[in-house]
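Visitor: Here it is: the structure, laid out below.
The values are calculated or read from the model by the stated rules, or taken from the named source; none is laboratory data. Keep in mind that this is a model prediction, so the values were computed, not measured. Here the Cβ positions follow ideal geometry from the backbone for every residue, glycine too, while neighbour counts run over all protein chains shown. Just so you know, the surface numbers come from the protein's heavy atoms only, side chains and all, with ligands and any DNA or RNA stripped out. Shrake-Rupley method; radii C 1.70, N 1.55, O 1.52, S 1.80 Å.
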Amino acid sequence: MKSDTKKQIITKIFENMQISFGILLLILCCTILIVVSTFIQIDLTHFILPFDLFKGAKLSYNDFLYTYRIIPQIPIVLFVGAFLGRKYGITSVLLYIILGLFVIPVFAIGGGFKYVFEYGFGYILAYIPAVYFSASILKDGFSNKNIIKSIIIGVLIIHIIGTLYMLFLAALKHEGKELITGWIYSQSGLKIIYDIFLSYITVFIAKYLRIIFWTVK
């Protein structure tokens, strides 16, 4: 009888759990994906109109090409929100943050609780509201309008909060204007445009992966 009672208790516990094993596995996989994206660099090469073109200078084919090196973590985070939905997407991001602060150094330049004093930590914290708002928009459907809206809002939330966090720390450390402007230019300059472009691709992929894996909204 005692064995049957224990089985009933265990069964009730699993029945009351809001996260099934399948969803938990997807959350873990998405967290791993965020970690991996932290240490990947993608070279995006595309055509541009060089300034020297309007000066009558002789230009070669390479002068019309521009290569931008980007770390695709923000597009991956928005993918996670679109794929898992608001609740589970935030869970995946929180797991990533907890791992970085208390377990293993999964952030770009290390880990540990002292990382909260790094300029870039504001961008990581911003993943939470970014996933919340972008995934909330996609709850109404993955129309092209909703995808674009969710991406723009998600990317801007991350860069705005990340920049404000950096400015706060810079003010506490009495950093100079050159460091501040250089940081903003490198972290939230052209990168915003590339983040939006790559995020559209990743969220579009998430739209169809949701159908395959049948994730819960």
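Visitor: Out of (1) open to solvent by 50 Å² or more (accessible area, probe 1.4 Å); (2) at pLDDT below 95; (3) touching a Gly at 6+ places or on another chain (Cβ under 9 Å), what's the single condition that is false for Ile161?
Guide: Against the list (1) open to solvent by 50 Å² or more (accessible area, probe 1.4 Å); (2) at pLDDT below 95; (3) touching a Gly at 6+ places or on another chain (Cβ under 9 Å), Ile161 comes up short only on (2).
Visitor: Inside the stretch 175-217, can you point out the residues that are under 19 Å from Leu33 (Cβ atoms), open to solvent by 40 Å² or more (accessible area, probe 1.4 Å) and not in a helix (DSSP H, G or I)?
Guide: Matches in the stretch 175-217: Trp214, Val216.
Visitor: Any idea which of (1) on the phi < 0 side of the Ramachandran plot; (2) open to solvent by 80 Å² or more (accessible area, probe 1.4 Å) is the one Glu118 doesn't satisfy?
Guide: Every listed condition holds for Glu118 apart from (2).
Visitor: Hey, which of the helices (runs of 4 or more DSSP H) in the stretch 59-140, taking only ones fully inside, have at least 2 residues that are of a type in the set (Ser, Thr, Tyr) and closer than 16 Å to Gly162 by Cβ? Quick ask: steps written out before the conclusion?
Guide: On the way: elements: 73-84, 86-98, 121-125, 127-138.
Ranges flagged: 127-138.
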